[in-house]
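Have a look at the structure below before the remarks.
Just so it is clear, none of the values below were taken in a lab; they were calculated from the coordinates. What you are looking at is a predicted structure, and each value in this text was computed from that prediction instead of being measured. Don't worry about glycine lacking a Cβ; one is built from the backbone with ideal geometry, like all the others, and counts go over all protein chains shown.
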C-alpha cells in the first residue's frame, strides 16, 4: 500500500461496477472506500478527504432520461445536508485541487454530461456527448484500443494499446461541432480509439462497436487528470478475465490494472 | 397546468431507435417506409413556472449536444404520419418516475399526491399516407394494447391536445369498502363466483370454504372480532391466492393414482414429497459428512456451501403467462422477481449472476396465428429485451442460458429466469441461511408502492391463457427502485436491523406476510397504512396486489427507528404495517376495522388434497426409414442452421455477461470469441480463485416419446455441460423447473390421464437419476397450466423440464473451454454411441420423431465425469465439449470452428454397435458423451486415466481449416471448410 493515496468509488442509484473498480484501486495500492451517494449527501463523508474519485459503470437512475442524465441532475441539484452547496460544487473544488477523476462507461457519460469532460477552459460546459450505438442495441464485446501516446492523460502513461470489453447501449461519442472535435485532436485529448486487428482506428462495426466519431473511446481534460473511457479497464485485472485465457499465453496481470497503477503512482508523486 | 415537453434529435444526428423501427417494420411486416424518426414526450402534470419548465426541458430532459426541445408546441412538422404511444393508466412508467425525481431535485419541491410525469414516444413516419397501415404498424409492432395506447396524426392534422383527460392518471377514490359474499348458494353459483372473481378455486375448494364458514366455532370467533358469518372479499381473495396452483402447487401435492402400461398400479402421496424431497433426502444420506446442502425447499431459494466462509444461493423461476401477454414486461418482471428470491433467502444475499432459458416458436413462423397470441418474433424480441434490461440495469451478469424452439411454444412461451447469490456462512454469529420472525416484530414493507398491477397474477398463471385473461396481470418491473432497495437491505442486514425477510411476489402481502407469520402463528396487518401508487384501491386489492420491487421484513421494535431512518437516508420507502403475533389468526384491518380474520391453520392447511389419476399408455412411435444421405456436408450444415443448434450470439451480446468482473468462462469462447460455451464459470470473490460453475439441460423433444428419458437426458445434459467446463461432480446441486400442460383430466383436457402419467414418469426419472448421480435437488418450481385455449383451438406445450445445476470448481484456472486449441492435438470421444436418434435434430430435420429415445446409464456416466474431473485438475485436457443436439457431427463442427483449426476424424474408431450407419454415428444423440482434445505429450497419461472406460481416439486437430470425416474405409464423407460451417451456424439468428 502506498501511504495515504485515498480513492473513493461512488455507488448507489444504479451504479453497478463499484466493487470491481474498488478492487482495482486496492490492487494498485490505494486505500479505497465505496461510498453511497446518499452517504455523501448526508455530509458524513467528504470528497475533500480523497485524491482519486472513481465514477463506475452502471445505469444511474436506469439511464431513463438518456445515459447518466438524471444522475448528473442529482449531483448538480441535490444539496449536501446542512450545507449550502451541491455535490457538483464539491466536484469542482476537487478538480481545482488537481485531484484525479476517472469515469468508466456510465461514469464517462456522467463526466461528459456534467461538462467535466473535456472542459477545455475549465468552463464545465457540455460540448460532447455519448449517445445510442448506431445499431440501436446494448452490446457486450471486447475491443482493441489504440492509445494516443501524445495525450496528457496521466492514466495511460506508457501504454500504447489495450484490449478491454465494452458493455453499453449508449457509447457513441459525438461532439457539438467540428471545432470541438478539432480541438480535442489538436490538444491530444483523445486518449483511446477503437481499433481493428492491425491496431488502426476504425469506423467499421464491430471493431468500432458503436459508431463513435473518429473512433473515440475515451478522452481526458487538458490537465490529463480527468479521464473518461467507455470500455471497462476494471473488467481486465487478471488473465482469467480475458475471453481467450484458456488458449493464449497471457501475463498474470490484466491490461486494465495499469491505468489504476498510473493514477495511484501519479498521486503519490504529485499530490502527497 | 400540464406541460408537454417534446425532445427530439437535431437534424443530422443518427436516430438509432428510429432506424431500428424502420428495419423492424420492413422485416417483420414487409412495409417499406422512407424513414422513421423518434421523439420523447414528457407530460408534466405539476405546478411549474414557465422558467422552471424551461430549466427542466433544457436540463435533465435533453442533451444540448444532440437534441432540441419544444414546450407546449410540436417539435417537428416534418412527417407524413405521427404516431404517439403512451402507457395506459396505472402501468409502470419508469422514465416518468425518474423524470419526476429529476424535477424535484431541480425545483427543490416534492410533488403533490396528484402530480406526476407521464411519458410517451412519438414516431414520425415518412413514406406512409394510409392511416390504416399506420394502425397496423402500431398494433403489430410498436405497441401492446394491453399496456399502451396511442394516437395517430397525419400530416396537416393537428396533434391531439394534452389535458387532464388525456394523461394516463389513475383516477379513483380510496374507500374501505368490503363486500360480503354469500356462499350458501348452488354449486353453479359457487363456480360462477370463482370464475367471475378470477379466483381459480375449484368446486371442492369452494365447498371447503363454505363449510368452514358454517362451523359454529368459526362463527363465534368472527363475531368476536366484528365480522358476520359471511366471508369478506378480502378473505376470499386471500384464500384464493394462498390456495392457487401457483402458490400451493396442488398438482405436485396431489394424491396420484398411477397405472403403467403393464397394468401395475401405484399410489403416490405427493409427487413433490415422494420424488423431489425424497431424492434429496436419499442423496444427503448417501453424502453423509460430505453433505454440502444448507437450506433446501423451505426458503425462496436453495442454499449450499461454497467454502468455509460463504454460502451459495440459487433459484430459477418461470414467468410464462405474463410473457405471453406482454413479453417485455413479463420477462423483465421475471428476472427482477427471481432476483428478489435470492435477496429474500435466509437473511439476504448479494446477487452474483443470472441465467436465462427460453422456449419459443420459430420467429420465422409464417402461418396464421390464433386470436390473442403475439407473433413468436415479437415474443422473442420482447423477452430478450426484458431480460436485457432486467439483468443489465440491476448489475447482475447473465452468464448462462439457451433458447429452445418448438411450434407448440406459440401457445405459451416459456421464460425461465435464474439467479445465484452469495451470503456469509455466519451473520452476527448465526447461520445466515436461517431466519425467524419473533412475536412482536413489526411488519415492514419496503421498496415500491402498491398499485393495481399484478392483481390476480397468481390465480391467472394457474389457468390456461383464455379470452378473459386479465390485463392487470401484466406489469413492468423497475430495476432501479429494486437496486436502491437491495443496496439498503444489504446494509440493514449487516447492521442486524431485522429478524427475517422475504419477497413480495405472487400473492403480494397476503403471501409474504402469511408465510412469515407461520414462525409466530399470526399477524395483525393494517392495510390502510400501505403506501399506494395512486388512489382507488380497495382493501383486498392492497392485500393481494403483486406490484413489484417490494420486500417484507420482520423488524424488532428496538430497531424500527434505525431501519426506517436508514431507508429514508437512502431514498428507499419503508413502512410499518403492523405486527407479527401469536394469535393464530391471519388478521387484516382497514382504518382500525377488521376486514379479514382467518385462522392460520385453515388458510395454510385447509386446502383439500387433489386426486390425480394418471395412466401411462406408451405413444405409438416407430423408427423412420431414412435413406443414407449422399451429401453429408450438406446435412451437417442444415443441422448447424437449425434453430435449436444455431448460434445465439446476437442474444448473448445484449446481456452484460461480465459485470462484477467474475465471469471466467463466458458464454462465448474461442479464437473469435464466438464459440458456444457449455457452462459458465464465475468467481464471486475477487481475491480468491474458487469458482462457481453453472449449466443446464433441457430436452423437450424427447417428451413426445417418453418423459422418463426426457428427464434423465436433461439431468445428464446439465451435468455433462457442467463437468465439461470443469465443475466438480462431487459438489453439485440440481434445481428442477417443470413446465407442463394441464394434467388434470376434464372436459377441456380429455388426455389428462396421459399428461399426468408423463408427469409421474418425469418425476420417477428425477428421483432415479439424482440419487444415482448423487446430486441433491435444492429448490425448484413448477408451472402447470401452459396451454392456450380459445374457442376449440387448444395448444399444449410439450412437457418441458429445465434442469439447472450449480456447483463448484476449486480453482478457476483449471477450467476448460470447448474450442480446440492446437494443431496436432488428439481428438477423443468419451462414451459409447448407440442407435439413439428418437427425438433428435437429425430426425426432426427429416420430419420424423422416431422411437429410440436416448437412455442414460448413470453409473458409467458418473465414473466418466469423475475421471474427467481428475484429468482436468492435472491439466490433461485441452478442450472439452458436450455432445447434445445434433450429436457428434455438430460437436465436431463447433469445437473446430470455435478454435479455428480443422480436424481429421475417422468414424470407424468410434465405440458403437457393429455396422451402425455413418449418419447414425454422426447424429445420434446418445447421452453422457464428451468430445475431448489432448496435447500429444499427455496422450499416455490421459489414456491411462481412462483405461477401462469408453474412450476412443477418433482423430486429430489439424492446421488446415477444414473438417474432414472418413467412414473407416478411408472414404471421405465430409470435407467442408470451417468458414462455411460457421456461417451456416451463425446465419439464422444473426440479425435478431
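List of remarks:
- Sites residue B:224 and residue B:568, calculated FRET efficiency, Cβ-Cβ separation with R0 30 Å, nearest 0.05: 0.20
- Region A:191-243: C-alpha pair distances exceeding 19 Å, %: 39 percent
- Cα gyration tensor, region B:2-154 - rounded (a/c under 1.5), prolate or oblate: prolate
- The spacing between region B:15-55 and region B:327-347, judged by their C-alpha centroids, is 30 Å.
- Beta bridges per DSSP with both ends in region B:665-780, % antiparallel, nearest 5: 65 percent
- With viscosity 1.567 mPa s and temperature 4 °C, the Kirkwood radius over alpha carbon pairs of region A:123-272 converts through Stokes-Einstein to a diffusion coefficient of 82 µm²/s.
- Length-normalised contact order of region B:612-733 in % [C-alpha pairs under 8 Å, at least 6 apart]: 17 percent
- Stokes-Einstein translational diffusion, chain B - Kirkwood Rh over all Cα pairs, 0.890 mPa s, 25 °C, in µm²/s: 82 µm²/s
- Between the Cα long axis of helix B:16-29 and the first principal axis of chain B there is an angle of about 70°, rounded to the nearest 10.
- Order by protection proxy (mean Cβ within 10 Å, highest first), peptides B:22-28, B:320-326: B:320-326, B:22-28
- Residue B:685-residue A:177 pseudo-label distance in nm [points 7 Å out on the Cα-to-Cβ vector]: 5.6 nm
- Mean partner shielding of peptide A:15-25, defined as the number of other chain Cβ atoms within 10 Å of each residue Cβ, is 4.
- Based on Cα atoms of region A:6-270, Rg over Rh with Rh as the Kirkwood radius reads 0.94.
- Separation between Cα centres of region B:145-176 and region A:147-212, rounded to whole Å: 44 Å
- Taking the number of Cβ atoms within 10 Å of each Cβ as an exposure proxy, the fewest-first ranking of A:255, B:485, A:230 is A:255, B:485, A:230.
- Bridge orientation summary for region A:6-270: considering DSSP beta bridges with both residues in this region, about 60 percent are antiparallel.
- Going from the fewest other Cβ atoms within 10 Å to the most, the residues B:767, B:702 appear in the order B:767, B:702.
- Region B:697-737-region B:250-286 distance, computed between alpha-carbon centres (Å): 20 Å
- By the beta-carbon count within 10 Å of each Cβ, the least crowded to most crowded order of B:450, B:809, fewest first, is B:450, B:809.
- Here region B:630-649 is scanned for amide nitrogen atoms under 20 Å from the site 7 Å beyond the Cα of residue B:362 along Cα-to-Cβ, giving B:634-649.
- Whether region B:889-949 is rounded, prolate or oblate, judged on the alpha carbon gyration tensor where a/c under 1.5 counts as rounded: oblate
- 10 Å Cβ neighbours from other chains, averaged over peptide A:249-258: 0
- Calculated FRET efficiency for the pair residue B:811/residue B:959, C-beta based, R₀ 22 Å, to 0.05: 0.10
- Between helix B:707-725 and chain B there is an angle of about 80 degrees, using the helix long axis and the longest principal axis of the Cα atoms.
- Rounded if a/c under 1.5, otherwise prolate or oblate - the protein assembly as shown, Cα gyration tensor axes: rounded
- Helix-only CD estimate at 222 nm, as mean residue ellipticity for chain B, using -39500 (n - 2.57) per DSSP H run (n ≥ 4): -9000 deg cm²/dmol
- Chain B - share of DSSP beta bridges that are antiparallel (%, nearest 5): 85 percent
- Ranked by the mean number of other Cβ atoms within 10 Å of their residues, highest first, the peptides B:292-299, B:342-349, B:247-254, B:756-763 come out as B:342-349, B:756-763, B:247-254, B:292-299.
- Angle in degrees between helix B:479-494 and the longest Cα principal axis of chain B, rounded to the nearest 10: 90 degrees
- For chain A, calculated [θ]222 nm from helices alone, where every DSSP H run of n ≥ 4 adds -39500 (n - 2.57): -7000 deg cm²/dmol
- Contact order, relative form, for region B:815-942: 47 percent (alpha carbon pairs under 8 Å, 6 or more residues apart, mean separation divided by residue count).
- Per residue of B:388-396, other chain Cβ atoms within 10 Å of the residue Cβ number 4 on average.
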